[in-house]
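The structure appears below as structure tokens.
The numbers here are math on the coordinates, done by the rules we state, and not lab data. These figures come from a predicted structure and were not determined experimentally. Here the Cβ is made from the backbone with ideal geometry for all residues, glycine too, and neighbour counts use every protein chain on show.
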Amino acid sequence: MSSSNIENLVKKIIAKSKEEPFYYYDLLKKFPSIPYRDIMIAWGKVREQIQFERDEVGHYVYPKGK
Amino acid sequence: MEDMRGFMKRLEKEGELLRIKKEVDARYISALVGQSDKALYFEKVEGFNFPVVSGLLNTRKRVAIGMNVSERELGKKFQEAIDRPIDPIVVKKAPVHEVVYKGKDVDLTIFPIPYFSEKDGGPYISGGIVSSFDPEYGPNAGMYRMMFRKKNETSIDLVSPSDMRFYYQRTLDKKKPLPMAVAIGNHPYEMLAASYKAPINMNEFAIAGGLHGEPLKMVKCVTSDLLVPANAEIVLECEILPVGWVYDEGRFGDFSHVQGDLKWNPIVKVNAITHRKDAIFYALHMPWENDWLAGPVTEAAALRALREASVEPVAVYATPGSCCFWEIVASIRKRPGEGKNAVLALLSLSEVKLVIVTDDDINIYDPTEVDWALALRVQADQDVIIVSGARGKHIDPSLKAWTLAKDALPTTAKLGIDATIPEGVPRTRYERMKYSFRDEVKLEDYL
């Protein structure tokens, strides 16, 4: 995947994270046609931008007030 | 000396490893291995240049193949290696140094790091042997899970007490990182040795040498003085940052077969990646590979405890239902009183919370035989021992560890059952029925 497509995926993951708490599994299910490696790469970039909180069951939660 | 590839060849020859030639999506690796009664070697993984092998040690039989002994001799062989360790030797050149990435070129996403369970916190490096060093206490090796975070960053689970946690605390006190290296794709002997909580001054790689019967070849890392197995497939050269237990890690489908809790752990920066030109990524498949790695270690500890109690063991079995960890069934050649002595000795093992001791006529690998001994040789008011307040393990839900104060350690009750023939009951009372003429006829002659 090109770097611009990775950046698009980063945006999509961040948008999804704002909707509701999620597991990494939800990303793999949400983007079934996107290669596994691209999701790993995008996830790494997302984590550089967003300091997710975690809820009591381990969901990633978009930080409040962001 | 045999490496992981040699072990894979033997597994394949024994019909215990299956090659998958069709390209596979890495997100399905864990589920596919879970459906297989064989280890799986995925030759093509979509989007990656590395094949993946997983499930190598998913059964006791495969551990026995790896250790070149029968399934009943795992603990004995492991104990012999502890008794006769062979120090490793250092070599200058190593297959694992055929390809080197450093600094900005480090990218963990080149590897098909699997995602195992539905509620895991991310992809996990599950089968790495983690090496570290302390100037006062020497080298240490253990197996620790590492969650992928970024292309050059992971978490590491250092919550439980361990030598490595101790080393990290010492460098953290000085506000310095702890250099560590992660070897992925090793022979079962190296993984078994690393799974063993050796005394702090004992080199786990010397135990691996004892298992091999010759010194393990090790090579110095390219960015630190740490030594790693020269024949590993992949090595990550890292440092644990001096941040303390503050970053989210997990959840992770654990060796206890439950989805473990979210934890707070340090993070790891990866400074270099080295690997063989045609490296194979090894994914330790949870929970059974972890469990069966624990089996020989637990059984060796049980044999040691019985001998130190002057009880003669015939066989010991860390039962799979207890994740090869919490329950020991042992058969002994009993003299009066030794059923109880054996129970007490085995209950002293730190992690064991259930113990059953039988006589030497019971096949302890057969649950029906063990139940028979429990039914006909036990008087609950005389043969059951319960010990309260012993050290427990957080991961056991029955201990309600989540109700404890942070950093508090849970305690557990332990149960031991002396299922040997009671004193005063003649052995003849347990004479087994035998079919008449059983040696003179064969059913197949009548079919």
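Taking max minus min of the alpha-carbon positions on each principal axis, the range B:290-429 gives extents of 55, 33, 29 Å, largest first. log₁₀ I(q)/I(0) of the range B:49-134 at q = 0.12, 0.23, 0.26 Å⁻¹, via Debye over equal Cα point scatterers, no solvent, to two decimals? Taken in order of the listed q values, log10 I(q)/I(0) reads -0.68, -1.23, -1.28. Mean projection of the Cα convex hull over all viewing directions, computed for chain B: 25.1 nm².
How much net charge surrounds B:LEU226 when only other residues with a Cβ under 12 Å from its Cβ are counted (Lys, Arg +1; Asp, Glu -1)?
Once positives and negatives cancel, what remains is -3.
Taking 21 Å as the cut-off for C-alpha to C-alpha distance, list the pairs among B:LYS77/B:LYS334; B:LYS220/B:LYS277; B:LYS13/B:LYS277; B:LYS13/B:LYS217 that go past it. It would help to have the intermediate numbers written out before the result.
Details: B:LYS77/B:LYS334 23 Å; B:LYS220/B:LYS277 18 Å; B:LYS13/B:LYS277 25 Å; B:LYS13/B:LYS217 26 Å.
Going by Cα-Cα distance, B:LYS77/B:LYS334; B:LYS13/B:LYS277; B:LYS13/B:LYS217 fall outside the 21 Å limit.
The slack between B:PHE166 and B:ARG432, meaning 0.36 nm per residue of separation minus the straight C-alpha distance, is 90.4 nm. With a simple spin-label model that places each label point 7 Å from the Cα along the Cα-to-Cβ direction, the separation between B:VAL258 and B:SER310 comes to 4.1 nm.
Can you list the trypsin sites (Lys or Arg not before Pro) in the range B:6-85 that are in a DSSP coil and have 10 or fewer other beta carbons within 10 angstrom?
B:LYS21, B:LYS22
Between the Cα long axis of helix B:4-13 and the first principal axis of chain B there is an angle of about 50°, rounded to the nearest 10.
Checking the Cα-Cα distances for A:LYS64/B:LYS150; A:LYS18/B:LYS176; A:LYS11/B:LYS104; B:LYS76/B:LYS340; A:LYS45/B:LYS21; A:LYS18/B:LYS269 against a 30 Å cut-off, the pairs over it are A:LYS18/B:LYS176; A:LYS45/B:LYS21. The largest-to-smallest principal axis extents of the Cα set in the range B:92-145 are 41, 28, 21 Å.
Take each residue of peptide B:119-132, count the partner chain Cβ atoms within 10 Å of its Cβ, and average: the result is 2. Secondary structure note: in the range B:69-285, about 95% of the DSSP beta bridges are antiparallel. Computed on the Cα atoms alone, the convex hull of the range B:69-285 gives a volume of 124 cubic angstrom per residue.
Here the calculated FRET efficiency for B:GLU118 and B:LEU447, from their Cβ-Cβ distance with R0 = 60 Å, stands at 0.75, rounded to the nearest 0.05. Distances between placed amide hydrogens fall under 5 Å for B:LEU404 paired with no residue 5 or more residues away or on another chain. When DSSP assigns beta bridges and you keep just the ones with both residues in the range B:290-429, what percent turn out antiparallel, to the nearest 5? Roughly 50 percent of the beta bridges in the range B:290-429 run antiparallel, per DSSP. When you filter the trypsin sites (Lys or Arg not before Pro) in the range B:162-210 for DSSP loop state and at most 12 other Cβ atoms inside 10 Å of their Cβ, you are left with B:LYS174, B:LYS175.
The residue list A:ILE14, A:PHE31, A:ILE50 was ranked by how far each Cα lies along the charge dipole of the range A:3-61 toward its positive end, using unit charges on Cβ atoms, and A:PHE31 comes out on top. Taken residue by residue and averaged, Cβ atoms of other chains lying within 10 Å of the Cβ of A:22-30 number 4. Where both partners of a DSSP beta bridge lie in chain B, what percent of those bridges are antiparallel, to the nearest 5? The antiparallel fraction comes to roughly 75 percent.
By the equivalent-ellipsoid construction on the alpha carbon gyration tensor, the range B:219-275 comes out with semi-axes of 27, 17, 8 Å, ordered largest to smallest. Stokes-Einstein, applied to the Kirkwood radius of the range A:3-61 over Cα pairs at a viscosity of 1.306 mPa s and 10 °C, places its translational diffusion at 137 µm² s⁻¹.
Across the range B:284-430, the relative contact order, built from alpha-carbon pairs under 8 Å that are at least six residues apart, equals 21 percent. With all projection directions averaged, the alpha carbon convex hull of the range B:374-431 covers 5.4 nm². Given the range B:164-267 reduced to its alpha-carbon atoms as identical point scatterers, what log10 I(q)/I(0) does the Debye formula return at q = 0.12, 0.15, 0.23 Å⁻¹? With one equal scatterer per Cα and no solvent, log10 I(q)/I(0) is -0.52, -0.81, -1.30. In a DSSP loop and with at most 16 other Cβ atoms within 10 Å, the chymotrypsin sites (Phe, Trp or Tyr not before Pro) in the range B:294-375 are B:TYR365. Expressed per residue, the C-alpha convex hull volume of the protein assembly as shown stands at 184 Å³.
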